[in-house]
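Enquirer: Structure below; questions to follow.
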Amino acid sequence: MISDPWFWNSESIAAKAAVTALTPLSAIYESASKLRRNLARPIHAPAPVICIGNITVGGVGKTPFAIMLAQIVKQCGYKPSFLSRGHGGRLHGPVLIDRNMHSSEDVGDEPLLLAQHSPIWISRSKKAGAIKAAKEADVIIMDDGFQNPTLHKDLSILLVAPDHLESGMNILPAGPLRERFDDAKRRADIIVEITEARDSAKKTPAIDFTAWLEPSSTNIGQRVFAFCGIGNPHRFFQLLERTGYEIAGRATFPDHYPYSGKEIDVLKKRADALGAKLITTEKDWVRIDHEQRSDVDTLPVLMRISDEEKLRTSVVNAIEAWRETHR
């Protein structure tokens with residue numbers, strides 16, 4: 001995996017020159033994406049589809065949000081299955097993940113986390129994957145795919161970070177945006193702002209809910225060496241500090257980074273030298289060789305939302321509307 005281009009997060013003259021040079025390609029990318037959506041004839045899956053997406057490359061919290069949503073769907077009496085492209089994995093699918101057989105090299109890291117909560121199908125083809133997933137469940141939760149126009153969504157949930165609501169970000173490849181917020185919000189049924197903490201949301205009329213991560217366990221005062229390869233490492237480090245950990249050292253890697261045994265050994269030595277325990281995210285942990293995981297802690301997290309009952313009502317209404325039209 002490669003890291004974000006250096007000029008995405010720099011205000012230097014060289015970075016501005018790189019962005020300017022790539023702006024024509026961004027315009028082509030944006031126009032091509034809009035044309036693809038306009039020409040697409042999305043198929044309807046044999047089960048209601050709830051799509052969770054965002055407008056940038058990199059993480060904003062889709063995986064923990066999908067896990068929370070699956071729990072809500074199950075509490076309402078439905079049987080969900082996840083559908084994912086399997087980013088970072090080698091399998092094209094459709095294939096049902098078997099946690100005892102598949103690795104992150106096969107199916108990606110995020111799908112392995114989702115597989116702990118509900119069945120999940122990996123498929124590069126949304127149509128083929130939806131047909132398979134519908135045989136296992138009566139609701140399909142699509143992790144990502146907001147920009148994919150080939151499959152009809154019965155409920156589209158757009159996750160945004162606070163900086164996504166500003167106008168300073170650029171379209172790929174000049175910046176991390178897959179599309180502009182003003183374009184994406186027209187196709188979204190629900191917009192959720194993912195914040196650092198419960199009370200840090202911006203007051204914006206476009207936002208329907210706010211959501212945030214909370215640790216599901218605490219280790220107040222534990223001295224740790226923290227490392228991660230996720231889209232927003234700063235969020236992980238902040239959460240550790242808010243939870244009460246003492247961060248003696250830290251290391252960052254590109255998103256979805258495939259750790260080697262040698263790299264984990266080096267990290268363990270760095271942690272030992274500081275008298276600290278090695279800790280990472282749950283998503284990173286599944287990318288570590290099995291024999292090395294026992295010496296690495298994780299910070300389990302849960303997604304919380306500002307009004308769970310309101311979200312539950314929206315989900316049930318979408319599912320029942322689909323059922324009403326398919327009787």
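Enquirer: Check whether at least one residue in segment 285-299 is touching a residue at least 40 places away in the same chain (Cβ under 8 Å), in contact with a Phe, Trp or Tyr (Cβ under 7 Å, 6 or more places away or on another chain) and not charged (D, E, K, R), and report yes or no.
Expert: Looking for residues that are touching a residue at least 40 places away in the same chain (Cβ under 8 Å), in contact with a Phe, Trp or Tyr (Cβ under 7 Å, 6 or more places away or on another chain) and not charged (D, E, K, R), one finds none in segment 285-299, hence no.
Enquirer: Give me the residue from segment 153-173 that is of a type in the set (A, V, I, L, M, F, W, C), in contact (Cβ under 8 Å) with a residue 60 or more places away in the chain and more than 18 Å from Thr63 (Cα to Cα) and, out of that set, surrounded by the fewest Cβ atoms within 10 Å (Cβ to Cβ).
Expert: Restricting to residues being of a type in the set (A, V, I, L, M, F, W, C), in contact (Cβ under 8 Å) with a residue 60 or more places away in the chain and more than 18 Å from Thr63 (Cα to Cα), the top hit is Met169.
Enquirer: Quick check, is Ile52 under 21 Å from Thr195 (Cα atoms) and either at pLDDT 95 or above or assigned to a helix (DSSP H, G or I) (or both)?
Expert: In short, yes.
Enquirer: Are any residues in segment 1-58 crowded, with 16+ Cβ neighbours inside 10 Å and of a type in the set (Asp, Glu), and if so, which ones?
Expert: Glu30
Enquirer: Any idea which of (1) aliphatic (A, V, I, L, M); (2) modelled with pLDDT of 95 or more; (3) over 20 Å from Trp322 (Cβ atoms) is the one Ala66 doesn't satisfy?
Expert: Of the numbered conditions (1) aliphatic (A, V, I, L, M); (2) modelled with pLDDT of 95 or more; (3) over 20 Å from Trp322 (Cβ atoms), the odd one out for Ala66 is (3).
Enquirer: In addition: Residues in segment 98-157 that are among the basic types (Lys, Arg) and part of a helix (DSSP H, G or I): how many?
Expert: Residues flagged as among the basic types (Lys, Arg) and part of a helix (DSSP H, G or I) within segment 98-157 amount to 4.
Enquirer: Can you find a residue that is more than 19 Å from the chain's Cα centre (by Cα) and buried (at least 20 other Cβ atoms within 10 Å of the Cβ) anywhere in segment 74-93?
Expert: yes
Enquirer: For segment 284-306, name all the residues that are within 18 Å of Gln71 (Cβ to Cβ) and either touching a strand residue (DSSP E or B) at 6+ places or on another chain (Cβ under 6 Å) or assigned to a helix (DSSP H, G or I) (or both).
Expert: Passing the criteria: Val301, Leu302, Met303, Arg304, Ile305, Ser306.
The values are calculated or read from the model by the stated rules, or taken from the named source; none is laboratory data. As the structure is a computational prediction, the values presented were derived from the model and not from experiment. Heads up, the Cβs are rebuilt from the backbone with ideal geometry, glycines too, and the neighbour counts pull from every protein chain shown.
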